[in-house]
Amino acid sequence: MSLSATEFTSELELTLQSLFTPSCVYFPIRHHSPACSWQLAKLIREVRPSVILVEGPISFTPLIENILDPQTKPPIAIYTHFVDNNRKLYKPADDETDLGPARFAAYYPFCDYSPELVALRVGNELGAQIRFIDLDYSEQVLAAHKAGEKFDRPRIESLMEEGHLQQSQYLKLLAQKAGCRDFNEMWDHLFESNFQSRSTESFIREVATYCYFARRDTSAEVIEFDGTVAREQAMASSIAEAKRSLNSDQTILVVTGGFHSIALPQLVDDAGDRSPSPSQSSGSIQQALIRYSFEQLEALNGYASGMPSPDYYDRLWQKLTDGSAAPHAEVATALLVEIGELTRRKEMQLSLSTADEIAALQQAQLLAAFRGHPGPTREDLLDGVRSCFVKGSMDAEGIVLMGIVGHLLTGKDIGEVPASAGVPPIVTNFRKEVERARLDISDSLKRQLSLEIYRRENHRRTSRLFHSLNFLSVPFAVLVAGPDFVNGKRLERIHERWQYAWRPQTESGLVDVAVYGSTIEEATINRLREAINRLEEEGKGRSAGAAVSMLILACRMGLHRHTDQLLSLISVKIGDEPSFVEAVAAANQLLLLWQSREPLEAHMLKEVPALLRAAYLRSCYLLPDLGQCPENELAAALDSLASMREMLAAASPVELLDEELFWQAAAGILKTHNHAHPSYSTICGAIGGLLFSAGRMTQSQLDELVVGNLIGIADAQKRVGFLRGLLRTCREAAWQNAQLLKALNEIIESWDEPEFISVLPSMRLALADLTPRETDKVATRVAGLHGKSELGQLLEFRVTEGELEFNRRLTKIVLDALANDGLSHWGK
Amino acid sequence: MTVDRIEDRALRPPCEVLFADELEALQATDGGKRPEGWKLSPQAVRTFIVGSDEKTVGKTSITIRRKFYGDDALIDRCIVTLLGNRGLLLVGEPGTAKSMLSELLSAAISGVSTHTIQGTAGTTEDQIKYSWNYAMLLAEGPKPAALVPSPLYTAMKHGLVVRFEEVTRCQPEIQDCLISIMSDKVLNVPELSGSDATLFAERGFNVLATANIRDRGVHEMSSALKRRFNFETVNPIGDRKLEIKLVTEQTETLLREAGVPVACPPDVMEVLVSTFQDLRSGAAVDGTVVERPSTVMSTAEAVAVGFSAGLEAHYFGNGSMDGSHIARQLLGTVLKDNPEDAKKLKQYFDVVVKARAKKSRAWQSYWEARKFLNR
């Protein structure tokens, strides 16, 4: 529907007028906005509403008492959890494995500066009735499902989501025109900077106008699709019901996200006498008031639900409630000084002086003035930091500093909830999981458990629980034996043996990690994310292998759906990997992950083949460097070369890897003729062997290579090195290739005794891989070169039976004597 | 008197001449408060650089073109820094339009962008501060008339912004002569006496320097001098579409000026810009990691490659540009002096271009031209 400009303006004006009537005031908020909170508190004191209705699931209303408890200290959240036991939402298709009933979890966080909490607190102080009016979480999910949204994976979401605003094209363009970098900066620019000088009514009108345009810009389908329509109808019914029950001189205050506020008055009129439909929730629902943290809140805000940098706005709110005249400037000053102190304490390369702090504050204030803000907003402050504190380029020196600033603005606060709020959900979740796995925790005895991780789905799930608890450092289960997928060891085992025991520390450990999440899975995800961040911060010092190991660990814990960040980290690490050996190792680990289907279920990770390919490409890229590989890494390099062949063989049926790249790079090394380097001959031998056994080098080419490297080079060590490399990748050359033996024979004959002795160790190393039978074969050929067909007597007969027996006894006596002296390890 | 107009003679007129009409219009309609010594208000300076969004300025019929593409908040910070006590140091990789931005800022603020010191390894303190007309010095002794002012001296005297290009190419000891000038805003001329011996900077004076921090042949900067500057990083353009648009426009302009009637097909331009963006960021769009070459893959270089590719297509080809022209011209850009870079470019072709060869004709011809990389 397109309207002319005048129609537009009149429609907008009508909407705005409907928000502010004597009987009902609709206050549009943005979640976690101090400006909204400040104006809202002012409004409540002025209007003194008898009823305050807040956007939030109806079933949260009984929790208000706990929220207002004096012991409660934000940040806190209401955690709600819904399991679709009746299978209304998700049934696996015939060809899919059943993942069990769909699970949903959501948070409804409060900070001191959240408008919702301010409404509860101030309303309660003035004796207003307070209720939540939104659909219950389970109904929200069902409504969205009915409207067509798909639920094929467990979700953890925020009940303060504001995606409609953040995704609005209109607001995006508006931000661009206003010279703002993003949605948050524009919000601060428009609303968080000079809200104190505006009247409440004009503030409401402006926020509503802002939301009105975002809403005009959002298609009806989108609003329908995620269940917004159903929720708004439910809220409207509750408001209409409240209206009916009040006298004419009483006022209702409705506090909802601005996106809903502008639609509600019309819906309330339409709702008429309809009473709210009774709850239709099915399945099991659980909710609890829990401790929350600013770090969690910041992470949740990553999913478009409210303002970032909680600690920054918390400080701002403190200043506001203290009645400060210039809250923004005071917060900016305090933060800049703290940042300066931090850099001095952390002894950063260029620590900041007081003069820098003054300059940054001046910069922030000038920027604020330039952009028309009464005091520096968050972005003005950050720009001040960028200008004055970063002494170098933003992508080098800037990263460290902006990281510190980001942490500081996020804050570390963790809230408190009163004892009456009950057992933390994570403990309940643990008990449930334990019951499901039929583990006995009635006492603290140690119990053994053997899990068939290949065959049985439920055992796999128990194994994941144990691995997750270990990862969370919750003392409960110990892995006694089982396959080690990280190091590729003991893979033949198909069972995991665990020992578990419940201890009081188990539960206290769970409470400690409760702040990471309300279920074990969620806490594990968040801890994993933290570990990944740490790995990222460690930078280039660590190899790709560490990241791949973490991916395998994540798969052990069944967190396949939460590995996106890890996968991209691996991709970056692989790209940075400087060592051929490490790149091949990472590729091999990824191949292992991809192949061990059941216990790790890595086939659910669609990116693994792409990563494997990337690791392989990186290996091919680094391959030419092997010609100059340091001597002490030669053995590992040879192993890696050999394992690349196996990797190609394993991956070839699916055409995952472009074989040509490897062979081209390998053949390229032979052409570099870098014979001056001590390792080059060995690598040449290995590559010659690879090419020959893959049929990419003819017999005569190999002969040429052999002659060139054995006869053509004077250095005995390099000659033997070539032999070592060749036999490492192509043992059969030793007895099949007449030229090799002939050349070898020639050079050994040419050596004098001291030279022979000096190369003997390397020679042994080169020939050590041959089995006894192969050694015999080679020996026969060598004998043939000297005109003999028989090897002669190979067994030693000069020792008599008696001597042997005597020696055995002597050995035993010596071993016993050593054992008596506690030195038995000498005899081994 | 014959009218001798600089824009008619100069190969590249300075931007206060090039955009004289825009500056004039802004000055005439500028409603904001002008800081002392500034020709325009900070808001008008911003408009001069980021454009007036196709709107005409005041009652004039002039629209202000956008001259700098990228982060607008960076412009805010630069302007505000120049308002304050500290100098402004623009850092970033070569070819990110640092010098252009510095020219635009000084033209808008002081009305002149030519008070410039070019930093080199051979820059001396005389060139930064002042030197003497030695004939007059010997004949008449030290007096103001014998003094030869540097751009910095003139800028201090008249309250202008002085540009210092490539400040880190100067020796650190030479750079450090800026320290006292920047903190005290005073230049001492001990050879002269009386009031001539100290030059106090007029309001409006500031130092706007540019530097490459990681290039070869640059020097460290002392932390004392670092403290006198606010550092602002100018990043290459990250938006692929925008960069394609810019490169296409600029390449077409260059070709037109050279009288070469070669079109820039969109798919070929995409190949060109994608290559530059991938190699610059070290990752292709699909996330494939590629090795970054040691040379700078700037937008300006992309334009240079596009231009040469057009010339090649015209003079040695059939007049239409395709991927192979880009591939051949790319060599000279990426392969400057580091043989490792050849390996990296080859890897890029093997890993990324090969996969894209099926996508379009331009990528196909690009891939087929890889043989030219083996040299």
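Listed by chain and number, the lysines whose alpha-carbon sits under 23 Å from that of B:Lys55, ignoring those within fewer than 8 places in the same chain, are A:Lys172, A:Lys177, B:Lys33, B:Lys39, B:Lys67, B:Lys245. Ignoring lysines fewer than eight residues from A:Lys718 along the same chain, the ones with Cα atoms less than 24 angstrom from its Cα are A:Lys671, A:Lys742. The loop-placed trypsin sites (Lys or Arg not before Pro) in segment A:563-650, going by DSSP, that have at most 11 neighbouring Cβ atoms within 10 Å of their Cβ come out as A:Lys606.
In order along segment B:73-83, the Karplus-derived 3J(HN,Hα) couplings, from 6.51 cos²θ - 1.76 cosθ + 1.60 at θ = phi - 60°, round to 5, 4, 5, 3, 5, 4, 4, 5, 4, 5, 5 Hz, and Gly and Pro are given as x. Sequentially through segment A:128-143, phi angles give Karplus couplings (6.51, -1.76, 1.60; θ = phi - 60°) of 7, 7, 10, 9, 8, 10, 7, 4, 5, 4, 4, 5, 4, 5, 4, 4 Hz, Gly and Pro residues having no value and appearing as x.
Each DSSP beta bridge with both residues in the protein assembly as shown is either parallel or antiparallel, and the antiparallel ones are about 50%. A Stokes-Einstein calculation at 20 °C with viscosity 1.002 mPa s, built on the Kirkwood radius of the protein assembly as shown over Cα pairs, returns a diffusion coefficient of 59 µm²/s.
Per residue of chain A, the DSSP helices (runs of n ≥ 4 H) give a summed -39500 (n - 2.57) that works out to -17500 deg cm²/dmol at 222 nm. Helix A:354-370 axis versus longest C-alpha principal axis of chain A: approximately 50°, rounded to the nearest ten. Averaging the Cα positions of each part gives two centres, and for segment A:34-63 and segment B:200-271 these lie 52 Å apart.
The loop-placed chymotrypsin sites (Phe, Trp or Tyr not before Pro) in segment A:712-814, going by DSSP, that have at most 10 neighbouring Cβ atoms within 10 Å of their Cβ come out as A:Phe797.
Residues whose amide H comes within less than 5 Å of that of A:Ile29, counting only those at least five positions distant or on another chain, are A:Thr256, A:Gly257, A:Gly258 (H built at 1.01 Å from N in the peptide plane).
When the alpha carbon gyration tensor of segment A:592-719 is reduced to an equivalent ellipsoid, its three semi-axes come out at 32, 15, 12 angstrom, largest first. A P(r) calculated from all alpha carbon pairs of segment A:8-148, with 5 Å bins opening at zero, reads 2, 8, 15, 17, 16, 12, 10, 8, 6, 3, 2, 1, 0 percent.
Read-outs throughout are calculated quantities, based only on the coordinates presented, and are distinct from any laboratory measurement. Source: prediction; values computed, not measured. Glycine gets a Cβ as well: all are built from the backbone with ideal geometry, and neighbour counts include every protein chain shown.
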